[in-house]
1. Equivalent-ellipsoid semi-axes (√(5λ), Cα gyration tensor) for the range 44-111, whole Å, largest first?
2. Give the residue list of GluC sites (Glu not before Pro) in the range 22-110 that are DSSP loop and have at most 11 other beta-carbon atoms within 10 angstrom.
3. Would you please calculate the Kirkwood hydrodynamic radius of the range 80-147 over all C-alpha pairs and express it in Å, rounded to one decimal?
4. Over the Cα atoms of the chain, Rg to Rh with Kirkwood Rh, two decimal places?
5. What does the net charge come to around residue 135 if you take all other residues with beta carbon closer than 15 Å to its beta carbon, with K and R at +1 and D and E at -1?
6. Among 40, 147, what is the fewest-to-most ranking by other Cβ atoms within 10 Å?
7. Between beta-carbons, use under 14 Å as the cut-off and find the net charge around residue 52, counting Lys and Arg +1, Asp and Glu -1.
8. Looking at the range 1-46, I'd like the Rg to Rh ratio, where Rg is from alpha-carbon atoms and Rh is Kirkwood's inverse mean 1/r.
Amino acid sequence: MIRNYQTNSAEETRSLASNLGAVLRPGDTLCLIGDLGAGKTTFTQGLALGLGLPPDEPVNSPTFMLLAEHPGGRVPLFHFDVYRLPDSSALYDLAFDEYLSGDGVVVIEWADRITDALPPDRLDIAFIAVSYDTRQITVMARGERAKEILSQL
Ligand code: ADP
Ligand code: MG
């Protein structure tokens, strides 16, 4: 199951992601794929809103810390950025599996770098910069729960 979206501003991308965030549950996993500046972090900001985090919650690329935890919403948000991770075995030190089976929503920027560590039931979300302000966003449901989420969008 695949859905295609086009957004024409960062605000539109946040709004799309916020709608998605509103239907997410603990244990859901979102894998964000796309080049630098494609909109992965912007999308995660919208997810945070949809999960009920306050609008002033700082959601940035956690590139230098690999993981940013955002408790305080309807469901906690665990935001990974694995751009600088040497390889997926390094996820072991981060207790990555415990986050996947934990009480929050897991979002992973640059998830295509750790494909062997990803759960089978997940949403893959690919971002392509079509122009300065336009992004093509493709949401692919992998697994039953992911299909259920996508059908609610
Ligand atoms: P990434 O995390 O993929 O590296 P970011 O979300 O940090 O990307 O950066 C995306 C940049 O592109 C931001 O500066 C954002 O304001 C800008 N932008 C412009 N148009 C869009 C759009 N339609 N969707 C998302 N971001 C956009
Ligand atoms: Mg980013």
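No lab work stands behind these numbers, since they all come straight from the coordinates. All values reported here derive from a predicted model rather than from experimental measurement. Please note: Cβ atoms are built from the backbone with ideal geometry, for glycine as well, and neighbour counts cover all protein chains shown.
1. Values: eigenvalues 90, 37, 13 Å².
Each semi-axis is √(5λ); the values are 21, 14, 8 Å.
2. On the way: sites: 69, 98, 109; in loops: none.
Counting only loop positions with at most 11 other Cβ atoms within 10 Å, none of the GluC sites (Glu not before Pro) in the range 22-110 qualifies.
3. Working: mean 1/r = 0.0746 Å⁻¹.
When all Cα pairs of the range 80-147 are included, the Kirkwood radius is 13.4 Å.
4. Details: Rg = 14.0 Å, Rh = 15.2 Å.
Radius of gyration over Kirkwood radius for the chain works out to 0.92.
5. Details: positive: 3, 14, 40; negative: 11, 12, 35, 109, 133.
Taking every other residue near residue 135 into account, the sum is -2.
6. Details: 40 25, 147 14.
Sorted ascending by nearby Cβ count, the order is 147, 40.
7. On the way: positive: 25, 74; negative: 56, 57.
Every neighbour counted, the sum reads 0.
8. Working: Rg = 10.9 Å, Rh = 11.4 Å.
Radius of gyration relative to Kirkwood radius: 0.95.
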